[in-house]
Amino acid sequence: MATGTSPAPATGGPGRPRLVPARRRGETAREEILDAAAELFTRHGYTGTSTRMIAEAVGIRQASMYHYFATKDDILADLLETTVVGSLERARELLDADGPPLDRLLELARFDVGQLAGSRWNLGALYLLPEVGEPRFADFRTHRQELARAYATLAAQALDDPDDRRSLLPFRLAESVIMMRADEQRGELGGHTAEGLVDTVVGAIAMLIEHRPG
């Protein structure tokens, strides 16, 4: 039996004993946990990912996670918010801004699609989780609905017709990049990338609004 003293686990601050040196992206333990969870949720699904798996991916003890997140639901709630909060803030600014509504709509779409296409993990794919319909995630759903209304408001102004149902489509076209990313990950996007199609999606929204049925 060895008599030497084993080296103590590396630490990353109070309440955060590490099993291994930091190996996730993020300047804080919270950010590292979110990065690990994002990867695991998008690869294995929400129910297929345990808090133990997340802790092991970060290199901390499972109990240490509870210094930052009380439940796995709390982690998912934070990740969902990251997919919408930036775009919603930009949408609020553009609703109050001057200039042609079509230009503002396309600026919002370019920002939003760029965020969805360029994020490290395809978190938009989590929108379809059945758990997202539960009351715990009501804040996220409220924010996403507000973003959808901002798209519709700008589109209706650009169409100069509040009853034109085309105003409902730009938001859905923007979110189509989520499925493009999923196809890209499976090698089913024909050699394209979701990030490379941002201009195409924005252009499709412009064509939709500018087209005048005969």
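The values are calculated or read from the model by the stated rules, or taken from the named source; none is laboratory data. Bear in mind the structure is a predicted one, so any value in this text is a computation, not a measurement. Here the Cβ is made from the backbone with ideal geometry for all residues, glycine too, and neighbour counts use every protein chain on show. The area values use the complete protein model at the heavy-atom level, side chains included, leaving out ligands, DNA and RNA. Shrake-Rupley method; radii C 1.70, N 1.55, O 1.52, S 1.80 Å.
Numbers for the structure displayed
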{"read-out": "The range 57-74, residues that are in contact with a helix residue (DSSP H, G or I) (Cβ under 8 Å, 6 or more places away or on another chain), in a helix (DSSP H, G or I) and under 15 Å from ALA36 (Cβ atoms)", "value": "ALA57, VAL58, GLN62, SER64, MET65, LYS72"}
{"read-out": "Flag if LEU129 is within 19 Å of the chain's Cα centre (by Cα), modelled with pLDDT under 95 and not acidic (Asp, Glu)", "value": "yes"}
{"read-out": "Some residue of the range 106-113 being open to solvent by less than 40 Å² (accessible area, probe 1.4 Å) and on the phi > 0 side of the Ramachandran plot", "value": "no"}
{"read-out": "In the range 83-99, the residues that are touching a Ser or Thr at 6+ places or on another chain (Cβ under 8 Å) and either hydroxyl-bearing (Ser, Thr, Tyr) or not in a helix (DSSP H, G or I) (or both)", "value": "THR83"}
{"read-out": "Conditions (1) more than 15 Å from the chain's Cα centre (by Cα); (2) small (Gly, Ala, Ser); (3) open to solvent by 40 Å² or more (accessible area, probe 1.4 Å); number of the one not met by SER119", "value": "(1)"}
{"read-out": "The range 199-214 residues that are more than 19 Å from ASP161 (Cα to Cα), paired with ones that are open to solvent by 80 Å² or more (accessible area, probe 1.4 Å) (beta carbon under 6 Å, 6 or more apart)", "value": "VAL202/ARG110"}
{"read-out": "Top-ranked residue of the range 178-195 - restricted to ones that are assigned to a helix (DSSP H, G or I) and among the acidic types (Asp, Glu), ranked as least open to solvent (accessible area, probe 1.4 Å)", "value": "ASP183"}
{"read-out": "Some residue of the range 50-58 being open to solvent by 60 Å² or more (accessible area, probe 1.4 Å) and acidic (Asp, Glu)", "value": "yes"}
{"read-out": "Test result for ALA150, small (Gly, Ala, Ser), open to solvent by less than 20 Å² (accessible area, probe 1.4 Å) and at pLDDT 95 or above", "value": "yes"}
{"read-out": "Some residue of the range 164-174 being of a type in the set (A, V, I, L, M, F, W, C), at pLDDT 95 or above and surrounded by fewer than 14 Cβ atoms within 10 Å (Cβ to Cβ)", "value": "yes"}
{"read-out": "Members of the range 79-102 that are open to solvent by less than 50 Å² (accessible area, probe 1.4 Å) and either of a type in the set (Val, Ile, Thr) or in contact (Cβ under 8 Å) with a residue 12 or more places away in the chain (or both)", "value": "LEU79, LEU80, GLU81, THR83, VAL84, GLY86, SER87, LEU88, ALA91, LEU94, PRO101, LEU102"}
{"read-out": "Top-ranked residue of the range 122-147 - restricted to ones that are open to solvent by less than 40 Å² (accessible area, probe 1.4 Å) and among the aliphatic types (A, V, I, L, M), ranked as farthest from ASP73 (Cα to Cα)", "value": "LEU147"}
